[in-house]
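Heads up, the thing below is written out as structure tokens.
Rule-based calculations on the coordinates, nothing more; no lab input. All of these numbers come straight from a predicted model, not from anything done at the bench. Reconstructed Cβ throughout: ideal geometry from the backbone, glycine too, with neighbour counts over all protein chains shown.
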Amino acid sequence: MLRGLPYLGRFAFGFRKPKDRVLGLDLAGTVEAIGPKVTRFAIGDAVYGSGRGSYAEYAVASEGKLAFKPEILSFEQAAVVPVSAVTALMGLRAGEIQEGRKVLVSGASGGVGSYAVQLAKAFGAEVTGVCSTGKAGFVRSLGADHVIDYTREDFTDAGPYDLILDIAGNPSISRLRRALTSTGTAVITGGEGAGKLTGGLHRHLGAVALSPFIRQRLTMFLGLVRAAELQDLAPFIEAGHITPTLDRTFNLADAHDALRFLEDGQVSGKVALTMLA
């Protein structure tokens, strides 16, 4: 989205330039004004969720994409929950997560992956996280039972798994299948380095097309932030089963530095922008 890649994504985000001039989806803050049809919130309520142009002092969001901020979280912590945590929750649900299942999470140190590890543990699964060497300790701190350093090991050698949440990298469908049990499920929600045109979407679609003809289940999904999922996350947050992994906080004026820090690939978890002193 930042770079206009893959090109296929420009159908949604703008062909020659971004449709939205201000970046940002996640947000947390205090309601300053409401539209005439809003019934769930009032001015002064502390909320979090997804909106448009949230890298700003004020942002607009629809009522259906907001929920009351969990009291246990600061605004900075709450602001890094919505898109990543909802995506992790929807991915695990798409994979029909159950207690006792062996689950592999690729990209376990990233925004979505850090929540996926914590949620899978909360569901009672045995979790393996895949990450780089320097982030192994971080992934263990999230509660992962096992950690695979992708620079040294191949996750296909450590299976089989009942569920793979494929967030990072670009493993072939054949590799995913080798790492699954005979009736396991792979949920594809990410992909990196798969070309400027489709960004690996052909891999997602190919997996879905193959799935009806094999015993294993291959699927994908589109993560959308809605009030229902935010409310479903609240009990996990309040019980301490998931904690936002906030690596660093930047002032809004330093948003360019925050984006460079993010793109550098050294972030463990999430980064937030704040207007608070």
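Before moving on, here are some points about what is shown:
- ³J(HN,Hα) computed for each position of region 59-68 - Karplus, 6.51 cos²θ - 1.76 cosθ + 1.60, integer Hz, glycine/proline x: 9, 9, 9, 7, 4, x, 10, 10, 9, 5
- Relative to the longest principal axis of the Cα atoms of the chain, the long axis of helix 227-238 makes an angle of roughly 80 degrees.
- Over all pairs of different C-alpha atoms in region 67-121, the reciprocal of the mean inverse distance, the Kirkwood hydrodynamic radius, equals 12.0 Å.
- The largest-to-smallest principal axis extents of the Cα set in region 217-277 are 40, 31, 20 Å.
- With only the Cα atoms considered, region 84-220 has a convex hull volume of 95 Å³ per residue.
- Once the Cα atoms are used to define both axes, helix 111-122 deviates from the longest principal axis of the chain by about 70 degrees.
- Radius ratio Rg over Rh of region 20-70, counting only Cα atoms, Kirkwood formula for Rh: 0.94
- Extension gain, Glu71-Lys37: 0.36 nm per intervening residue step, less the Cα-Cα distance, totals 9.7 nm.
- Over 21 Å between alpha carbons, listed pairs Lys65/Lys102; Lys121/Lys270; Lys17/Lys37: Lys65/Lys102; Lys17/Lys37
- Acute angle (nearest 10 degrees) that the helix 201-210 long axis makes with the longest principal axis of the chain, alpha-carbon atoms: 50
- Calculated FRET efficiency for the pair His241/Leu210, C-beta based, R₀ 35 Å, to 0.05: 0.55
- Dimensionless Rg over Rh [region 122-196; C-alpha; Kirkwood]: 0.95
- Applying the criteria of a DSSP loop state and at most 13 other Cβ atoms within 10 Å to the chymotrypsin sites (Phe, Trp or Tyr not before Pro) of region 56-129 yields Tyr58.
- Backbone N under 14 Å from the Ala158 label point (7 Å along Cα→Cβ), restricted to region 90-105: 102-105
- Loop-resident sites, region 207-260, for trypsin sites (Lys or Arg not before Pro), counting at most 11 other Cβ within 10 Å (DSSP): Arg215
- The chain: radius of gyration and largest Cα-Cα distance (Dmax), Å: 18.8, 57
- Under the combined filter of DSSP loop state and at most 16 neighbouring Cβ atoms within 10 Å, region 33-109 retains these trypsin sites (Lys or Arg not before Pro): Lys37, Arg40.
- Estimated distance in nm for a label pair at Arg21 and Phe221, the labels positioned 7 Å out from Cα along Cα-to-Cβ: 3.7
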